[in-house]
Amino acid sequence: MSMNWNRKDLLGLRELSADEINFILETADAFKQVGTREVKKVPALRGKTLINFFVEPSTRTRTSFELAAHRLSADVINISATTSSLTKGETLKDTARNLEALHADILVLRHSSAGAPQFLAERLKSSVINAGDGAHEHPTQGLLDIFTIREKRGKIDNLHIVIVGDILFSRVARSNIFGLTKLGARVTLVGPSTLVPREFEKLGVTVSNQIDKVLPDADVVNLLRIQHERQRKEYFPGIGEYTTLFGLTKQRAKSLKPDCLVMHPGPINRGVEIDSEVADGLQSVILDQVTNGLAVRMAVLYLCGGIAT
Amino acid sequence: MSATVIRNGRIIDPANKRDRVGDLYIADGKIVASKSEIRNQKSEIDEIDAKGLIVAPGLIDIHVHLREPGFGHKETIESGARAAAAGGFTTIVCMPNTSPAADSPATIAWIKDRAKETACVNVLPTGAISKNIAGEELALIGSLGQAGVVAITDDGHCIQNHELMRRAMEYARMVGLPVLDHCQDYDLVGNGVVNEGYWSTLLGLPGWPAAGEEAIVMRNILLAELCDHHIHCQHVSAAGSVRLIREARARGVKVSGEVCPHHIALTDEAIQNFDTNYKMNPPLRSKAHVDSILEGIADGTLSILCSDHAPHAGFEKEVEFDQAPFGIVGLETELGIFIDQLVHKHHKIDIVRLIEMYTVEPAKLLKLDAGTLSVGTPADVTLIDPNLEWTVWVDQFQSSSRNSPFDGWKLKGRAVRTIVAGKTVWKL
């Protein structure tokens, strides 16, 4: 497929067309090949500077972006909230403009506020890549999930994807919903009614509170982390009850189709949303997701970084 | 001695059931009955040609944040009053969430002094219901009354303790002060920043459910009955609030509600680009809510129009959406938006009722000697061209702040001259 990429920023999957998503995936295919070579580095972004600006803590995503940038030969600087001037009261806009004044070409932003990457993208000439904004979007996670499904199942169209857990506060869920539905998948959201409001049905998905009815028909089960450190207690009565009602236990996993994929964006809580044996089982592609994340992020940095002036 | 004749305007004076073309006479800052009462007729009579214009009692906005004392970088009493004049307002009622909060007679005295020195329109302060607007103990409501507040409110905040609110109502009744309330249940609203619904779900922004307003409107209705005292619900945004107020008023409960222009001109769809000029409290709601608000205006359930003029500096608004302060400026756009939307576009009310909602209704609520063209009252007059087409440009605002979502909007209808006590304080 040939198409021209003309976005300097990647803010979310909602704004992308199916063609654009497929183009990123195909670009990622090529970069995945690079990862199998003895020399894993290409000169695509040589001379460009990438700043990993993580206002909210992250290990996996930051490391993945950092490694992706290194493999593209970009220069990388990491800044976290605690080491930035945000703690001194500087506004996000001022911090970012200072970074741009240092001629940063690409800014990878993780932020607790929905819309923060768009806010910066509208104000900066640099590329802005959303590495997760509040409960809004986490587009590279959505892309790597889709990439992994497509790699294992050969397609996305007509697959039944079940996303389980804390949907309300999940940017991963939203990026998956936007991306998967554009590519023709059927998406079912499962979780307690407090964390999966019916309002989500207006996004073109099905909402269910009964995991046992949904699992036998699933082609993919994507389990989201139950973020109990952040949950206000009124959303569900306890972790034990959550596991009883919604956990992917060994027993429940037996009802899955043999070729159903088990996914998780990590970090996993073993024994809470997923039993340890299931996380490590044959149907689990959790570590493939991590590997594919690198290829997807290389593709995104390559495409957007090539547009930024 | 000064005298003015406003000639050939359509004089709309709802308090006196007057709507006819004629001349209005002003002498020594007051409305007079006829030309013969203008002494010194020889040389000093100002003639204003009002042909094709509406001559209305000076408009009143009962919900304005003037930001002084404490936040002069957003607005001052002087600049806010200029913005009011440019919007057609001769009287504005300012909210007490200043720094310090207007919870003491000393602060009220300071505001009144400052207004006297610098403001070109009448500025009437409100006082806080609770000390420091903290919702914990009653402010000096009696002393605030003596200092000249026209009402009490904790606007921007809402007293969550129903017992405290009950005692505030009872006490205010004794003092003769109406109570205005910003209706927000803190538990239901949580950290919500936008209407809970489709767009909050899509964008992952914390939702502010309509029930968070409706629960407090219901509480207020119960307390108005219990205490036999008037409570006025500020900036009503939710369909359920309209229903509750409608039902209560039909039973004779002393409750009323006001509407801001953004809650009828915009829906929560506008937040999708995370532009903080669409962030206000209560938030923009869905079309179903907007339709209910329009019906509430049409049937008289919601009886007062106002702006909730909430200036913020550019650097304060230009931040992450959930971290930006709530509120938009409104004094210089509200009349245009309401005429355009309510009279021209949706045909919900006529211009006479619109003027009534900006004059007689607020004057009645706050017991003000304003809002009429009765002989002997201060000559506060607004000249309105209901058909003038104009474009909003925030750069031309008199306000110190620019935080408006209406920049570039084309509107039909606006004030063209504002007269306070017989003196023109602004004209187009």
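The table below lists the values:
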read-out: Wholly enclosed helices (runs of 4 or more DSSP H) of the range B:309-391 bearing at least 3 residues away from chain A (no Cβ under 14 Å); value: B:334-338, B:351-358, B:360-366
read-out: Where B:ALA115 falls short, out of the listed (1) outside any loop (DSSP other than H, G, I, E, B); (2) surrounded by fewer than 22 Cβ atoms within 10 Å (Cβ to Cβ); (3) of a type in the set (Gly, Ala, Ser); value: (2)
read-out: All positions within the range A:126-171 that are under 25 Å from B:ASP322 (Cβ atoms) and basic (Lys, Arg); value: A:ARG171
read-out: Every residue from the range A:56-82 that is more than 17 Å from the chain's Cα centre (by Cα) and either of a type in the set (Phe, Trp, Tyr) or modelled with pLDDT under 90 (or both); value: A:ILE79, A:SER80, A:ALA81, A:THR82
read-out: Looking only at the range A:5-19, and only at residues there that are surrounded by fewer than 19 Cβ atoms within 10 Å (Cβ to Cβ) and in contact with a helix residue (DSSP H, G or I) (Cβ under 9 Å, 6 or more places away or on another chain), the one that is nearest to A:ASP288 (Cα to Cα); value: A:ALA18
read-out: In the range B:146-168, residue farthest from the other protein chains (Cβ to nearest Cβ) [restricted to those that are over 21 Å from the mean Cα position of the chain (by Cα) and within 19 Å of B:PRO105 (Cα to Cα)]; value: B:GLN146
read-out: From the options B:MET357, B:MET280, residue that is crowded, with 24+ Cβ neighbours inside 10 Å, out of contact with any strand residue (DSSP E or B) (no Cβ under 8 Å at 6 or more places or on another chain) and hydrophobic (A, V, I, L, M, F, W, C); value: B:MET280
read-out: Scan of the range B:127-150 for residues that are on the phi > 0 side of the Ramachandran plot and among the small types (Gly, Ala, Ser), ordered by number; value: B:GLY135, B:GLY148
read-out: Test: residue in the range B:42-51 that is buried (at least 24 other Cβ atoms within 10 Å of the Cβ) and at pLDDT 95 or above; value: yes
read-out: Single residue of A:ALA30, A:ALA44 found to be assigned to a helix (DSSP H, G or I) and hydrophobic (A, V, I, L, M, F, W, C); value: A:ALA30
read-out: Qualifying residue in the range A:69-79 (condition: more than 28 Å from B:ASP322 (Cα to Cα), charged (D, E, K, R) and in contact with a strand residue (DSSP E or B) (Cβ under 8 Å, 6 or more places away or on another chain)); value: yes
read-out: Search result, residues across the range B:170-199 that are touching a Leu at 6+ places or on another chain (Cβ under 7 Å), more than 30 Å from B:LYS287 (Cβ to Cβ) and either surrounded by 24 or more Cβ atoms within 10 Å (Cβ to Cβ) or within 14 Å of chain A (Cβ to nearest Cβ) (or both); value: none
read-out: The one condition in (1) within 15 Å of the chain's Cα centre (by Cα); (2) in a strand (DSSP E or B) that A:VAL128 fails to fulfil; value: (1)
read-out: Among residues of the range A:119-143, those that are within 14 Å of chain B (Cβ to nearest Cβ), surrounded by fewer than 20 Cβ atoms within 10 Å (Cβ to Cβ) and among the charged types (D, E, K, R), counted; value: 2
read-out: Selected residue [more than 14 Å from chain A (Cβ to nearest Cβ), of a type in the set (Asp, Glu), over 18 Å from B:GLY327 (Cα atoms) and assigned to a helix (DSSP H, G or I)] from B:GLU213, B:GLU247; value: B:GLU247
read-out: Those residues of the range A:21-57 which are more than 14 Å from chain B (Cβ to nearest Cβ), surrounded by fewer than 18 Cβ atoms within 10 Å (Cβ to Cβ) and closer than 25 Å to B:GLY204 by Cα, in sequence order; value: A:PRO57
read-out: Of all residues making up the range A:89-105, the number that are in a helix (DSSP H, G or I) and more than 10 Å from every other protein chain (Cβ to nearest Cβ); value: 7
read-out: Condition broken by A:ILE146, with the remaining ones in (1) crowded, with 24+ Cβ neighbours inside 10 Å; (2) more than 14 Å from chain B (Cβ to nearest Cβ); (3) over 27 Å from A:LEU261 (Cα atoms) satisfied; value: (3)
read-out: Residue within the range A:92-111 that is farther than 30 Å from A:GLY47 by Cβ, at pLDDT 95 or above and within 20 Å of the chain's Cα centre (by Cα) present; value: no
read-out: Of the criteria (1) surrounded by fewer than 18 Cβ atoms within 10 Å (Cβ to Cβ); (2) on the phi > 0 side of the Ramachandran plot; (3) more than 22 Å from the chain's Cα centre (by Cα), which one B:GLY204 fails; value: (1)
read-out: Any hit, the range A:106-121, residues being assigned to a loop (DSSP other than H, G, I, E, B) and charged (D, E, K, R); value: no
read-out: Odd one out for B:ASN97 among (1) within 26 Å of B:ALA421 (Cβ to Cβ); (2) surrounded by fewer than 24 Cβ atoms within 10 Å (Cβ to Cβ); (3) under 18 Å from the mean Cα position of the chain (by Cα); value: (1)
read-out: Condition met for A:ALA116 (closer than 16 Å to A:PHE54 by Cβ, modelled with pLDDT of 95 or more and either more than 14 Å from chain B (Cβ to nearest Cβ) or surrounded by fewer than 23 Cβ atoms within 10 Å (Cβ to Cβ) (or both)); value: no
read-out: Total residues in the range A:150-173, condition within 10 Å of another protein chain (Cβ to nearest Cβ), closer than 13 Å to A:LEU195 by Cβ and touching a strand residue (DSSP E or B) at 6+ places or on another chain (Cβ under 6 Å); value: 2
read-out: Pair list, Cβ < 7 Å and 6+ apart or interchain, from the range A:195-222 residues that are more than 14 Å from every other protein chain (Cβ to nearest Cβ) and touching a residue at least 12 places away in the same chain (Cβ under 8 Å) to residues that are among the β-branched types (Val, Ile, Thr) and part of a helix (DSSP H, G or I); value: A:SER208/A:VAL214; A:VAL220/A:ILE149
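To keep it simple, each residue is scored yes or no on (1) within 18 Å of the chain's Cα centre (by Cα); (2) modelled with pLDDT under 95; (3) closer than 30 Å to A:ARG14 by Cα.
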position	(1), (2), (3)
B:ARG246	no, no, no
B:ARG251	no, no, no
B:VAL255	yes, no, no
B:PRO283	yes, no, yes
B:SER292	no, no, no
B:ASP299	no, no, no
B:SER303	yes, no, no
B:HIS312	yes, no, no
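The values are calculated or read from the model by the stated rules, or taken from the named source; none is laboratory data. Everything numeric in this text was worked out from a predicted model, so none of it was measured. Please note: Cβ atoms are built from the backbone with ideal geometry, for glycine as well, and neighbour counts cover all protein chains shown.
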